[in-house]
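The values are calculated or read from the model by the stated rules, or taken from the named source; none is laboratory data. Only a predicted model underlies this, so the values are computations on that prediction, with no experimental measurement involved. Cβ sites come from the backbone with ideal geometry, for glycine too, and all protein chains shown count toward neighbours.
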Amino acid sequence: MGKRIVAVGHIVYDIRNYVEEFPEPDHTAVMRMDPKVSGGGSAANVAVNLCKLGFNSGVVGNVGTDRHGKFLLSDLQRFGVDTSQVRVFRGMSGLSVIIIDAHGEVRVVEDFGVADRRRAIDPDYIRESQFLHMSGCAFHLLDAASRVANQSGIPISFDPGRAASRLGERKLAPILKRAEYLIINRKELFAMTGSREESAASDLAKRHNLVCVIKQGGREIIVKTAAADSFTVDPFHVKPVDTLGAGDAFCAGFIAGVNERKSLFESVRFANAVAAAKVLRKGAQSLPSRRFIANKFKV
């Protein structure tokens, strides 16, 4: 399978609750089925999805000494993810309580627990990888991992999510300068730049010499490059069952495309197919097989 693709960020225990509709204030929503539990966290999701797509992956993150931490480690290993760089800290693992309505939309209540606890990153683990993906997590983890990868000539993708985009462009500038690919949605673009406009994404791409990929939740993907090129890629339309983890599935598909030397357009198209396949199933780490994706979406 070649060298490992490394994902840095959160590893979280998901508790999923499926309802017909989200409750209004001071009202109750009745669950459609028993609650479900599974692994989650953006870095863990990307690493699991990459394994399912045929890649060798590892995750750099933290779990707690609670039973959730034991479950998360075991679950990652079951999927084939290398967990040698997962640190176990005394305390509570990251936890997400998730509500999913009948349209597959989600609401999340999260406690990061020990997920952002300060720790060292083994530089050799990064140097020996073929690609680094970073998701939203503590700045010290992003800075340390990206610094080593950049010095070693290893390509970097960065999906800041809600957690890191709030830090703003100025704080994230060193990370952005080292990254080849920035994957964001419009809310994260606004958090980083103060604007939701495409011109803000173009400016990011130019200032930091990267490719900016804007996810739009089922609408076309917008791609901006440092050379001022711009294009869109249409999504695959499906009826979603659960959109939890769709963005992480997109990232995994995009990373797979880039590492298989697909064109930028085809990498985004493949990412769209992977995200569409994921939303057909419940849970953040429920991606169907690559054969299923290829047969259904012809990618």
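Which condition breaks for C251 when tested against (1) under 28 Å from S38 (Cβ atoms); (2) buried (at least 20 other Cβ atoms within 10 Å of the Cβ); (3) without any contact (Cβ under 8 Å) to a residue 60 or more places away in the chain; (4) touching a strand residue (DSSP E or B) at 6+ places or on another chain (Cβ under 8 Å)?
The number of the failed condition is (3).
Condition test on I184, is it buried (at least 23 other Cβ atoms within 10 Å of the Cβ) and out of contact with any Gly (no Cβ under 7 Å at 6 or more places or on another chain)?
Yes; evaluated as a whole, the condition is true for this residue.
Matching residues to (1) at pLDDT below 95; (2) on the phi > 0 side of the Ramachandran plot; (3) assigned to a helix (DSSP H, G or I):
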{"position": "I184", "(1), (2), (3)": "no, no, no"}
{"position": "F190", "(1), (2), (3)": "no, no, yes"}
{"position": "I214", "(1), (2), (3)": "no, no, no"}
{"position": "T243", "(1), (2), (3)": "yes, no, no"}
{"position": "F250", "(1), (2), (3)": "no, no, yes"}
{"position": "G257", "(1), (2), (3)": "no, no, yes"}
{"position": "S267", "(1), (2), (3)": "no, no, yes"}
{"position": "V274", "(1), (2), (3)": "no, no, yes"}
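Looking only at the range 130-141, how many residues end up being buried (at least 24 other Cβ atoms within 10 Å of the Cβ) and in contact with a helix residue (DSSP H, G or I) (Cβ under 8 Å, 6 or more places away or on another chain)?
5
Of the numbered conditions (1) at pLDDT 95 or above; (2) in contact with an Asp or Glu (Cβ under 6 Å, 6 or more places away or on another chain), G104 satisfies every one except a single condition; which is it?
Evaluating G104 over (1) at pLDDT 95 or above; (2) in contact with an Asp or Glu (Cβ under 6 Å, 6 or more places away or on another chain) leaves (1) as the failure.
Between a first residue in the range 287-299 that is touching a residue at least 60 places away in the same chain (Cβ under 8 Å) and within 14 Å of F254 (Cα to Cα) and a second residue that is surrounded by 16 or more Cβ atoms within 10 Å (Cβ to Cβ) and charged (D, E, K, R), which pairs have beta carbons less than 8 Å apart while being 6 or more apart in sequence or on different chains?
Within 8 Å, the pairs are R290/K52.
Select, from K262, K239, the only residue that is in a loop (DSSP other than H, G, I, E, B) and more than 25 Å from V6 (Cα to Cα).
K239
Determine whether A115 is more than 26 Å from D203 (Cβ to Cβ), within 19 Å of the chain's Cα centre (by Cα), of a type in the set (G, A, S) and assigned to a loop (DSSP other than H, G, I, E, B).
yes
Being in contact with a strand residue (DSSP E or B) (Cβ under 8 Å, 6 or more places away or on another chain) and under 20 Å from G245 (Cα atoms) narrows it down to one residue among S84, S135, S129; which is it?
Criteria check complete, one pass: S135.
So, in the range 129-138, how many residues would count as being assigned to a loop (DSSP other than H, G, I, E, B) and either of a type outside the set (S, T, Y) or modelled with pLDDT under 95 (or both)?
4
For the range 139-151, state whether one or more residues are in a loop (DSSP other than H, G, I, E, B) and either closer than 23 Å to K52 by Cβ or free of Cβ contacts under 8 Å to residues at least 60 places away in the same chain (or both).
Looking for residues that are in a loop (DSSP other than H, G, I, E, B) and either closer than 23 Å to K52 by Cβ or free of Cβ contacts under 8 Å to residues at least 60 places away in the same chain (or both), one finds none in the range 139-151, hence no.
Among (1) part of a helix (DSSP H, G or I); (2) surrounded by fewer than 19 Cβ atoms within 10 Å (Cβ to Cβ); (3) modelled with pLDDT of 95 or more; (4) charged (D, E, K, R), which single condition is R162 missing?
It fails just one condition, (3).
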